[in-house]
Every structure is written in C-alpha cells, then in structure tokens.
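The values are calculated or read from the model by the stated rules, or taken from the named source; none is laboratory data. No experiment lies behind these values; they were computed from the predicted model shown. We place every Cβ from the backbone using ideal geometry, glycine too, and count neighbours over all the protein chains shown. Keep in mind that these areas ignore ligands, DNA and RNA; they rest on the heavy atoms of the full protein, side chains included. Shrake-Rupley method; radii C 1.70, N 1.55, O 1.52, S 1.80 Å.
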Amino acid sequence: MLYADTVESEVLVHKPLFIATVFVLVLSICFMVNLTGTTIGELMRPVIGDPLDSGLYGRFAVAFVIAIIFCLNIALIGFAHLKAQIAIVWLELLLLFLAFFAVFKLSLPFIWQNLPFLITQGVVTTLYISAISLVFASAIGIMAAIAKLSSNGFAYGIATFYTSFFRGLPLLMQIYLIYLGLPQLGIILNAVPSGILALSLCVGAYMTEIFRAGIQSIDRGQWEASRSLGFGFALTMRKIIMPQALPVIIPPMGNTFIGMLKDSSLVSVLGVWELTFLARTLGQATFHHMEMLIAAAIIYWILSVCLELIQSRIERYFARSKVR
Amino acid sequence: MNDTVIEARNVSKWYGAFRALTDVSLTVRKGERVVICGPSGSGKSTLIRCFNRLEAHQEGEITVNGIRLHGKMRDLAAVRKNVGMVFQHFNLFPHMTVLMNCMAAPMWIKGVPETEAKRLALKFLERVRIPEQANKYPGQLSGGQQQRVAIARSLCMEPAVMLFDEPTSSLDPEMVSEVLETMTSLARDGMTMVCVTHEMGFARSVADRVIFMDAGLIVEEGAPNDFFTNPQHPRTTLFLSQILKH
Ligand SMILES: Nc1ncnc2c1ncn2[C@@H]1O[C@H](COP(=O)(O)OP(=O)(O)OP(=O)(O)O)[C@@H](O)[C@H]1O
Ligand SMILES: [Mg+2]
C-alpha cells in the first residue's frame with residue numbers, strides 16, 4: 001500500500017465530469033472500431049436490423065450501448081467495498097479474456113482429451129526443471145553476490161565476468177552452447193540437465209544483482225554492531241544481514257522466478273517433454289494449434305499465480321517486524 | 001600493570017592520505033571511567049573504534065586485556081567478546097525482539113544455553129529498567145529505550161570494558177537523562193568505561209579522567225576538576241567556553 005493520506009476524497013468514478021469523459025472516450029473508440037459484426041451487434045438486431053447493413057446508425061447504436069454499459073459498470077463498482085471491487089474487476093477482466101478466447105472457436109473436447117497428459121507430463125517436467133533451477137540459481141546468486149562485494153580480486157573478477165556473460169547472452173544461445181558446445185570438451189549432458197544448467201546459470205546471474213542490491217541496502221551500522229559483538233562474517237550474514245535483506249529481495253526475486261518459469265519453455269528446443277514442447281507437438285499433429293497453445297498459456301498463468309501467492313505469503317511473514 | 005584493560009601506545013591512523021590519529025597514547029585501568037571530548041572531526045570515534053578494531057590502526061600498538069590487536073581473527077574474537085560498544089544510532093537488530101537482541105551474542109558467541117541466555121538478558125534489561133519491553137521490536141521503542149536496550153545487549157556479553165560513542169547525541173533532550181542515568185549507575189557498579197560524549201555534566205560527576213582531543217591528537221588530559229576549572233591548553237579553553245556557553 002502507498003502511504004495513505006487522511007484527506008477524504010470523492011469517489012472518482014462518481015464524478016459526473018469523469019463519467020462523461022469516459023463515456024465520450026468509450027463511445028468514440030467503439031464508433032471508430034466498427035463493432036457491428038460482433039456478438040453485441042447480433043444481440044441488437046431487433047433495434048438496428050441486419051447488423052452488417054445498418055451503416056453509421058448501427059455503428060453508433062452499438063457504440064452507444066457499449067459506452068452506457070461500461071459507465072454504468074464502473075459507477076456501480078464504485079459503490080462496492082475494496083475487496084468486492086477487486087474481485088469484480090478481476091472477474092470481469094477474466095470474462096473478457098474468455099470471450100476473447102471464444103472467438104477462436106476452440107474445440108473443447110480436444111483440450112479435455114489432451115489436458116491430463118499435458119499436466120502429468122508437461123507441467124510436471126516444467127515444474128521440476130524450474131524448481132531445481134530455482135534452488136541452484138539462488139545458491140549461485142548469493143555466492144556470486146558475496147564475491148562481488150568482497151575485496152578478493154579473484155572472486156570479484158570471476159563473479160563480474162559471470163554476471164556479464166550470462167546476462168549478456170540470449171538464454172537460447174546459452175542452452176545451445178551448453179547442449180551442443182560442452183560435448184566438444186568431452187562433457188556430454190542430457191537434454192534435461194543441460195536445460196537446468198543453462199537456466200540456473202542465466203537466472204543465477206540476475207539473482208546475483210538482486211542479492212547484491214539487497215545486501216547493500218542494509219545499514220552499515222548493522223555490520224558494526226555485529227562485529228562489535230564478535231559475530232564472524234558467516235554468522236552476521238546468516239542471522240543479521242540476510243533476514244533484513246530478504247524483504248527487499250523477495251519482490252524482484254518473485255519477478256525473476258516467474259520469468260524463469262516461462263523461460264523454461266526455451267528448453268523445448270532440446271526436445272524435452274515440457275509444457276511448451278508438448279503443446280506444440282500435440283497441436284501440430286492434429287492441426288489444433290490454438291487449442292493447445294491457449295491451454296498451455298493458461299497453465300503457465302496459473303503456475304505464475306501460484307508463485308505470486310507464495311510471494312505475497314512470504315512478504316507478509318517478513319512484514320511482522322516492520323511495525324513503527 | 002595487570003589491571004590495565006586498554007593500552008594504546010603511539011597509535012597513528014590514516015584514512016588514505018588523511019591522518020586521523022597522530023601518536024595517540026592512552027592507558028585505561030580496570031574500573032576507570034574515561035571521558036573523551038573534542039570538536040567534531042577530531043578523531044574521537046576513530047580512536048575508540050580502534051579499541052575493538054572496527055577500524056585498523058597503521059602504526060603503534062593497542063593492547064586490550066593483554067591481547068595485542070592485529071588482523072588475526074582468533075585474537076580479534078577474544079577481544080571483541082570482552083569489549084562492549086554502544087553506538088550513536090543504537091544499531092539494534094530491527095528484525096529481532098528486544099529479548100532476542102540481548103540473547104543473540106551470548107548464545108551464538110559464547111554458546112550459553114537458551115534458558116540461561118534468557119535469564120541473563122532479562123537480568124540486564126532489568127538493570128537498564130525496561131524488562132517490560134522485552135517482547136517488542138526495537139522499532140516500537142522510543143530512542144532512549146532503544147539506547148538502553150543497546151546498553152543491555154552489550155552488557156549481556158559481560159565485557160571487561162564498555163565503549164560509548166556519543167550515546168546521547170541522537171536523542172531528544174528528555175531521553176538523554178534516562179540514558180545518562182543508566183550509564184552513571186553502570187559507573188557506580190565499577191564498570192570500566194570509555195565514553196565519547198559532549199555531556200559535560202556527566203563527565204564532571206562520573207569521570208575519573210577527561211581527555212581532550214583535537215585534530216587527531218590528545219591535547220590535554222586530567223581529572224575532571226582540574227580539567228574544567230583550570231585547563232592548560234588554549235584550545236581546551238576555547239572548546240570548553242564554546243560547549244559550556246549554552
Ligand atoms: N571512513 C572514513 N574515510 C575517510 N575519512 C574518515 C573516515 N572516517 C572518519 N574520517 C575522518 O577522520 C576524522 C576523524 O573522524 P571521527 O569520526 O573520528 O571524528 P569525531 O571526533 O568522532 O567527530 P564527531 O564528533 O563529529 O563524531 C574526520 O576528519 C573524518 O572526516
Ligand atoms: Mg564521532
């Protein structure tokens with residue numbers, strides 16, 4: 001939450017001027033984009049006749065109705081409580097997206113038929129590749145962050161080279177380099193370990209910067225107090241610095257992990273049977289491209305939402321000592 | 001000789017090319033209360049931070065409790081165990097309760113069992129007269145209370161000497177006295193103390209010796225009575241007239 005002022009402000013969506021502005025805006029946009037061919041145009045057949053022959057009058061009538069519904073909607077939502085508002089807005093946006101997907105005239109039976117396999121094979125593979133990479137990336141990140149903050153030239157050199165290299169190359173190249181390049185050195189990795197290695201190294205490079213920023217955000221007085229009490233480096237890091245740095249680190253870390261979850265789809269180029277690979281191959285064989293892609297997209301989204309929820313739980317846990 | 005807690009001999013320290021301490025020599029005996037004062041930037045903090053090696057000196061020798069200070073971790077740990085430090089900005093651990101702030105060092109450094117550490121922590125929180133705040137977080141306390149927790153936290157290690165670096169400088173006037181009272185009662189109990197402070201009333205009533213520093217040098221030192229009534233050095237006179245004017 002932002003720092004709320006105690007000024008009582010009028011509800012924006014109940015100001016006539018605001019409603020009028022929104023109304024005109026929606027009306028003109030809907031008028032410019034001809035919407036007579038859509039479901040709404042079809043529903044208004046009794047008023048405007050054949051939607052496709054209704055001309056400018058039909059266009060205006062459809063736009064007018066949409067603008068009315070829209071303004072009514074936001075004005076009504078303005079009356080609800082905060083929680084209800086959030087829920088309604090989510091629900092409506094969700095419905096709009098479902099309506100958008102409905103445009104594709106997807107074959108639902110095909111989706112249902114393939115969903116179990118998509119989940120048991122694809123999601124499971126995606127999840128365990130991501131989860132293992134997440135652990136490795138965090139470990140790499142924290143070590144490299146400490147190395148980058150240290151006065152050891154050797155460690156600093158390696159860490160900066162590492163982050164520069166793995167943040168600088170496209171992940172796809174890294175995957176190919178590890179899968180196709182390492183065998184040249186006599187190290188032969190299977191597709192899944194290669195994928196995990198590439199993901200860990202790449203995400204680890206981003207995590208390094210996140211950890212470094214978090215550690216540096218802690219006041220040096222904390223270090224001084226720890227030193228003066230006789231704490232060594234590891235103890236200070238573990239018990240004093242990291243617990244305070246984590247609340248700073250968690251939001252960008254959540255960002256990175258959600259990004260990684262989706263980047264794990266790049267491992268599909270190695271033929272690993274994860275979500276994206278399965279969605280593509282299952283769809284291609286039967287020309288149901290859209291069905292599988294949309295199903296996979298929604299699954300990715302659900303997984304991301306799970307990560308978001310975990311993140312907010314952790315944030316709440318760390319908020320407890322932040323009382324003032 | 002045996003009751004010497006801190007002995008500094010010809011200590012010099014540079015920050016880059018800037019010389020912050022010049023040939024400083026100082027001996028603190030067991031049970032002695034030493035107050036260090038001087039204008040801003042004169043090297044007071046630098047000097048006492050050298051006593052537990054938060055800063056490294058480059059020349060001269062510092063011996064604490066018979067251990068000569070140098071860069072080796074093992075000796076350093078032994079020294080820091082015996083030297084408590086209280087900072088201007090408290091530096092409590094904000095993510096731990098007051099009780100845990102006090103229990104942490106004895107448990108993690110000395111390996112004191114939890115129940116014993118808790119008993120110890122409560123004893124010293126009682127000593128600084130805030131046992132009822134034990135389960136709060138530092139952010140919920142007033143500045144004066146936080147500083148007293150910081151004192152208790154150091155006391156829990158049962159140090160041989162306590163260093164105070166302007167412990168009241170960031171406090172509101174009405175909280176200064178409660179912290180000074182705590183420090184005075186510590187002094188009454190025979191704690192060896194080195195205090196950097198501008199509280200001249202405290203210096204007059206508690207100190208065995210007052211040291212005046214300027215530009216990295218010890219300009220003058222003496223018993224508080226002589227020091228305040230009959231300063232030898234013009235710079236001391238000037239400083240005292242400035243600080244006692246208000
Ligand atoms: N980390 C540092 N790097 C460079 N110069 C420093 C550093 N710390 C302190 N100094 C310089 O050393 C001198 C002594 O600093 P010190 O903090 O010991 O002064 P002080 O007597 O404690 O002053 P104050 O009363 O303002 O706390 C000052 O001139 C300061 O600018
Ligand atoms: Mg200072």
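The order of A:Lys148, B:Lys30 by accessible area, most exposed first and with a 1.4 Å probe, is B:Lys30, A:Lys148. What's log10 of I(q)/I(0) for the stretch B:174-226 at q = 0.13, 0.25, 0.28 Å⁻¹, Debye sum over Cα points only, no solvent? Those come out to -0.34, -1.05, -1.19, one per q.
Its relative contact order, with pairs defined as Cα atoms under 8 Å and 6+ residues apart, puts chain A at 17 percent. Excluding ligands, DNA and RNA and using a 1.4 Å probe, chains B and A jointly bury around 2000 Å² of accessible surface, summed across both partners.
How many percent of all Cα-Cα pairs in the stretch B:1-123 sit more than 22 Å apart?
Percentage above 22 Å: 46.
Using only atoms on other chains, find how many Cβ atoms lie within 10 Å of each Cβ of peptide A:241-248 and report the average.
1
Pairs of Cα atoms nearer than 8 Å and 6+ residues apart set the relative contact order; for chain B it is 26 percent. Under 5 Å between amide hydrogens, built in the peptide plane, is the criterion, and for B:Phe164 it picks out B:Val86, B:Val194, B:Cys195, B:Val196 among residues at least 5 positions away or on other chains. Within straight-line reach of A:Lys262, meaning a Cα separation under 13 Å, sit the following aspartates and glutamates at least 8 residues removed in sequence or on another chain: A:Glu274.
So, for chain A, what is the accessible surface per residue at a probe of 1.4 Å, expressed in square angstrom? Intermediate results must be reported in sequence, preceding the final value.
Numbers: 19160 Å² over 324 residues.
With all protein chains present, chain A gives 59 Å² per residue.
Have a look at B:Pro234, B:Pro131, B:Pro224 and tell me which one the Gaussian network model of chain B (Cα, springs below 10 Å) gives the largest fluctuation. Of B:Pro234, B:Pro131, B:Pro224, the most mobile in the Gaussian network model is B:Pro234.
Per residue, how many Å² of accessible area does the stretch B:112-210 show with a 1.4 Å probe?
Numbers: 3780 Å² over 99 residues.
Dividing the accessible area of the stretch B:112-210 by its residue count gives 38 Å².
Largest first and in whole Å, give the semi-axes of the stretch A:199-324's equivalent ellipsoid, each being the square root of 5 times a Cα gyration tensor eigenvalue. Mind showing how you got there, number by number?
Working: eigenvalues 348, 52, 15 Å².
The answer is 42, 16, 9 Å, longest axis first.
How much mean residue ellipticity at 222 nm does chain A get from its helices, if each DSSP H run of length 4 or more adds -39500 (n - 2.57) and you divide by all residues, to the nearest 500 deg cm²/dmol?
Working: 14 runs with 228 residues, N = 324.
Taken over chain A, the calculation gives -23500 deg cm²/dmol.
Dividing the helix sum by the residues of chain B, where each DSSP H run of 4 or more adds -39500 (n - 2.57), gives a mean residue ellipticity at 222 nm of -11000 deg cm²/dmol. If R0 is 41 Å, the Cβ-Cβ spacing of B:Ile243 and B:Lys136 corresponds to a FRET efficiency of close to 0.70. Taking all protein chains as shown and a probe of 1.4 angstrom, A:Ser9 keeps an accessible surface of around 100 Å².
Accessible area of the stretch B:68-164 with a 1.4 Å probe: how many percent of it is carbon plus sulfur?
On the way: 1880 of 3730 Å².
Looking at the stretch B:68-164 in its full context, I get 50 percent from C and S.
Listed by chain and number, the aspartates and glutamates whose C-alpha is less than 16 Å from the C-alpha of B:Lys110, apart from same-chain residues fewer than 8 away, are B:Asp75, B:Glu158. Here, P(r) means the percent of Cα pairs in each 10 Å bin from 0 to the largest distance; for the protein assembly as shown it is 3, 12, 17, 16, 15, 13, 10, 8, 4, 2, 0, 0. Computed with a 1.4 Å probe over protein heavy atoms only, the accessible area of A:Leu108 comes to about 100 Å². For B:Glu220, the amide hydrogen comes within under 5 Å of the amide hydrogens of B:Phe212, counting only partners 5 or more places away or on other chains and with H modelled in the peptide plane. Would you work out if chain B is rounded, prolate or oblate? Take a ≥ b ≥ c from the square roots of the eigenvalues of the alpha-carbon gyration tensor; rounded if a/c is under 1.5, else prolate when a/b is larger than b/c, oblate otherwise. Oblate. Placing +1 on the Cβ of every Lys and Arg and -1 on the Cβ of every Asp and Glu, with no other charges, gives chain A a dipole of roughly 960 debye about its Cα centre. Percent of C-alpha pairs per 5 Å bin in the stretch A:60-136, short distances first: 3, 11, 10, 12, 13, 12, 12, 10, 9, 5, 1, 0.
What fraction of the Cα pairs in chain A, stated in percent, has a spacing above 34 angstrom?
Numbers: 25878 of 52326 pairs.
I get 49 percent for the Cα pairs in chain A exceeding 34 Å.
For the stretch A:1-119, a simple Cβ point-charge model (Lys and Arg +1, Asp and Glu -1, everything else neutral) yields a dipole of about 220 debye relative to the Cα centre. Counting only residues at least eight positions apart within a chain, or on another chain, the aspartates and glutamates with an alpha carbon under 17 Å from that of A:Lys83 are A:Glu92. For the segment B:102-111, counting C-beta atoms of other chains within 10 Å of every residue's C-beta and taking the mean gives 3.
Estimate the FRET efficiency between A:Phe117 and A:Leu180 by the formula 1/(1 + (r/R0)^6), using the beta-carbon distance for r and 22 Å for R0, to the nearest 0.05. Show your work: numbers first, answer last.
Working: r = 29 Å, r/R0 = 1.31.
Efficiency, rounded to the nearest 0.05: 0.15.
Peptides B:82-89, A:183-190, ordered by how many other C-beta atoms sit within 10 Å of their residues on average, highest first, read B:82-89, A:183-190. Since only A:Ile310, A:Gln284, A:Tyr300 are under comparison, the one whose Cα sits farthest along the positive direction of the charge dipole of the stretch A:253-324, derived from C-beta charges on Lys, Arg, Asp and Glu, is A:Ile310. Applying a DSSP loop filter and a limit of 13 other Cβ atoms within 10 Å to the trypsin sites (Lys or Arg not before Pro) in the stretch B:41-148 leaves B:Lys72. The loop-placed GluC sites (Glu not before Pro) in the stretch A:1-70, going by DSSP, that have at most 16 neighbouring Cβ atoms within 10 Å of their Cβ come out as A:Glu8, A:Glu10. Rolling a 1.4 Å probe over the protein chains gives A:Ile140 an accessible area of about 40 Å².
Arrange the residues A:Ser28, A:Ser264 by how much accessible surface each exposes, largest first, with a 1.4 angstrom probe.
Largest to smallest exposure gives the sequence A:Ser28, A:Ser264.
The residues A:Arg167, A:Arg316, sorted by heavy-atom accessible surface at 1.4 Å with ligands and nucleic acids left out, run A:Arg316, A:Arg167 from largest to smallest. Among the protein heavy atoms of the stretch A:119-243, carbon and sulfur supply 70% of the accessible surface, probe 1.4 Å, non-protein parts ignored.
Expressed in whole Å with the largest first, what are the equivalent ellipsoid semi-axes of the stretch B:125-246 derived from the C-alpha gyration tensor as the square root of 5 times each eigenvalue?
On the way: eigenvalues 177, 49, 28 Å².
Result for the stretch B:125-246: semi-axes of 30, 16, 12 Å.
In the stretch B:39-78, a dipole from Cβ-located charges (positive for Lys and Arg, negative for Asp and Glu) runs towards its positive end, and of B:Ile62, B:Ser42, B:Leu76 it is B:Leu76 whose Cα lies farthest in that direction.
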